[in-house]
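These notes are about the structure you will find just below.
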Amino acid sequence: MTSGTTDIGTLAPKGGGFDPELVNKFMGKHGHSGFLAMEYIGHGENWVELAIDWREDLVADPETGILASAVIISLMDNATSMSIWTKLNEFRPQATMDLRIDYLRPSPSGQRVYGRGICYHLTNSIGFVRGYAHNGNPDQPLAHASGTFIRTGGQTA
Amino acid sequence: MSALYTTLPPYARALDMTVVDEIDGAPVIGMPFANRVQGRPGFLHGGAISGLLEIAAIAAVHQALRAKGSDANIKQVNVTVDFMRGGLSQMTFAVGEVTRLGRTMANVEARAWQEDRDKPIAMGYMHYLIKAKREG
């Protein structure tokens, strides 16, 4: 498992709390999250919701305009990852161990996708997450996600 | 969808993916490192690795269907991605293997690696629904 310096560590110093909106302002503009233009929507005690606007260059099937499934994976990866730091109220380095997505239905062409990540259990090493994606009505999800994150550093004995 | 060989979908093109090789008839997809696929500095974003796995998996299923003379469409049902190693700032490859191709569904395993194919950075396990264009 590799661990490197992380970009958001400086934004969310240890013990200084964790603000997903502030962190996404940085994360959502850089790298792959910036490419997808990921936007902060809201958060609670153990959840974070982000969104991605439909774009032609994110499409996997030009005939239908359906987004690449990996766009949903990226969205759920970021939202669930941030839900762990939100629940902890601090940043700790971690890596996605695995992520499963069930696609209940395709995300229609032109529609914005929301992804809510929830951290439902946390141990010293592992963050257990789940979440769902929707097009604006959480009662009509388009995908369900579940996964685990492993802590990659900063362990206290 | 035989166009997949020559024309990868917009998402794949946006991430600069290309068909670079072939293994057991399945296209090997390459993706260069760039800011647009980066997660934490110097490493690939898990979602971009998943995207590479997805394109390789779709290409493998289409190839397997064509080999059977089928022009059916496919629809992804789910995917599980295991992230095994951090993706470094270099070229990444992926290939899909159709482990079972039935009449109604396909099981696919996709592997992503960088320098050594025996040291995958991620594996994807996908189920696709096969939807015939013409019934009976």
## Note on the structure
B:Val98 fails exactly one of (1) at pLDDT 95 or above; (2) open to solvent by 10 Å² or more (accessible area, probe 1.4 Å); (3) under 23 Å from B:Lys133 (Cα atoms); (4) within 11 Å of chain A (Cβ to nearest Cβ), namely (4)
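When you go through B:Ala67, B:Ala60, B:Ala110, B:Ala56 one by one, which is the residue that is buried (at least 19 other Cβ atoms within 10 Å of the Cβ) and over 19 Å from A:Leu67 (Cβ atoms)? Write out each step before concluding.
Numbers: B:Ala67 fails: buried (at least 19 other Cβ atoms within 10 Å of the Cβ); B:Ala110 fails: over 19 Å from A:Leu67 (Cβ atoms); B:Ala56 fails: over 19 Å from A:Leu67 (Cβ atoms).
That would be B:Ala60, the only listed residue that is buried (at least 19 other Cβ atoms within 10 Å of the Cβ) and over 19 Å from A:Leu67 (Cβ atoms).
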### Message
Would you confirm, using the coordinates I've provided, whether B:Ser70 is within 14 Å of another protein chain (Cβ to nearest Cβ) and on the phi < 0 side of the Ramachandran plot?
### Response
no
### Query
For the range A:110-157, what are the residues that are at pLDDT below 95 and farther than 17 Å from A:Leu88 by Cα?
A:Ala157
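Would the range A:80-91 turn up any residue that is within 24 Å of A:Phe26 (Cα to Cα), among the hydrophobic types (A, V, I, L, M, F, W, C) and without any contact (Cβ under 8 Å) to a residue 60 or more places away in the chain? Write out each step before concluding.
Of the residues in the range A:80-91, the ones within 24 Å of A:Phe26 (Cα to Cα) are A:80-91.
Restricting the remaining residues to those that are among the hydrophobic types (A, V, I, L, M, F, W, C) gives A:82, A:84-85, A:88, A:91.
Right, trim to without any contact (Cβ under 8 Å) to a residue 60 or more places away in the chain and you get none.
No.
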### Task
Quick one: which strands (runs of 3 or more DSSP E) lie wholly within the range A:25-70 and hold at least 3 residues that are open to solvent by 20 Å² or more (accessible area, probe 1.4 Å)?
A:39-43
### Task
Check B:Val79 against each of (1) out of contact with any Leu (no Cβ under 6 Å at 6 or more places or on another chain); (2) open to solvent by 10 Å² or more (accessible area, probe 1.4 Å); (3) facing chain A (nearest Cβ under 7 Å); (4) in a strand (DSSP E or B) and name the one condition it does not meet.
(2)
### Task
Just one of (1) open to solvent by less than 70 Å² (accessible area, probe 1.4 Å); (2) under 30 Å from A:Arg151 (Cβ atoms); (3) among the hydrophobic types (A, V, I, L, M, F, W, C) trips up B:Met84, so point out which.
(1)
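If you check B:Ala72 against the conditions, is it open to solvent by less than 30 Å² (accessible area, probe 1.4 Å) and modelled with pLDDT of 95 or more?
Details: open to solvent by less than 30 Å² (accessible area, probe 1.4 Å): yes; modelled with pLDDT of 95 or more: no.
Criteria not met by B:Ala72.
The values are calculated or read from the model by the stated rules, or taken from the named source; none is laboratory data. Values in this document were obtained by computation on a predicted structure and should not be read as measured data. Please note: Cβ atoms are built from the backbone with ideal geometry, for glycine as well, and neighbour counts cover all protein chains shown. Note: areas computed on protein heavy atoms with side chains; ligands, DNA, RNA excluded. Shrake-Rupley method; radii C 1.70, N 1.55, O 1.52, S 1.80 Å.
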